[in-house]
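The values are calculated or read from the model by the stated rules, or taken from the named source; none is laboratory data. Quick caveat: nothing in here was measured; it's all calculated off a predicted structure. Positions of Cβ are backbone-derived with ideal geometry, glycine not excepted, and every protein chain shown enters the neighbour counts. The protein model used for the area step is the full one, side chains on, heavy atoms only, and it has no ligands, DNA or RNA in it. Shrake-Rupley method; radii C 1.70, N 1.55, O 1.52, S 1.80 Å.
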Amino acid sequence: LLGGATRLKVYFDTGSGKYSVARPQWLHEESVDAMRRIPGVTGVTAAAFRPGISLYSDQDDRFRVRLLAGVDGHFWEINSFTPVSGRFFGEREVENREKVCVIGGMIAKRIFYPEEPVGRLLRLENEYFTIIGVLDGLGLGDLDEWAYIPHTTARDRIPGVWLPDTAYVRCHTWNDVERVAA
């Protein structure tokens, strides 16, 4: 229950269940804003994902990252993350479509150990990004094998990343979760 007890994940089901969708769907900004106005909601963050992307160190060493996440500036707070090194990007970097990234701790160790990765360049596809932070910590699971960039930059510069299709909703209290989910 640590950190996740008051957080909901909202996404379009592409399976074969009752709520599945036949074609890709996206969360438009109006939808995310509407979720933010639901009574009992503390905040909402939107994200887009692309699995299995190649990244390259500034020495041109190639690595595969489990997932590239295009996220907004609220992602870190909604998920209760803190950087182990550097800082996270915020709404300013998202709005300005900046070429910055945060990498998971496993990526940092695999590519840069024992050196500090913050301030170094990382190539995703054919674009160079400045590493501004490292996400690491207990309970992250495979999240520390992901790379994170502003979702606006992802949409502009990384093939296969479109509008956000997933949202994380943070509720005020545990008692709000059921009503907000409905």
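In the range 63-80, the residues that are over 16 Å from Glu145 (Cα atoms) and among the hydroxyl-bearing types (Ser, Thr, Tyr) form Cβ pairs under 8 Å with partners that are open to solvent by 10 Å² or more (accessible area, probe 1.4 Å) and not in a strand (DSSP E or B), at six or more places apart or across chains, as follows: Ser80/Gly3. The number of residues in the range 92-107 that are assigned to a helix (DSSP H, G or I), in contact with an Asp or Glu (Cβ under 7 Å, 6 or more places away or on another chain) and not hydrophobic (A, V, I, L, M, F, W, C) comes to 1. Considering Ile111, Ile38, the condition of being over 17 Å from the mean Cα position of the chain (by Cα) and open to solvent by 50 Å² or more (accessible area, probe 1.4 Å) is satisfied by Ile38 alone. Checked against the criterion of being in contact with a strand residue (DSSP E or B) (Cβ under 6 Å, 6 or more places away or on another chain), modelled with pLDDT of 90 or more and of a type in the set (Lys, Arg), the candidates Arg50, Arg87, Arg97 yield just one match: Arg87.
No other residue among Ile158, Ile132 is open to solvent by 10 Å² or more (accessible area, probe 1.4 Å) and over 16 Å from Phe63 (Cα atoms) apart from Ile132.
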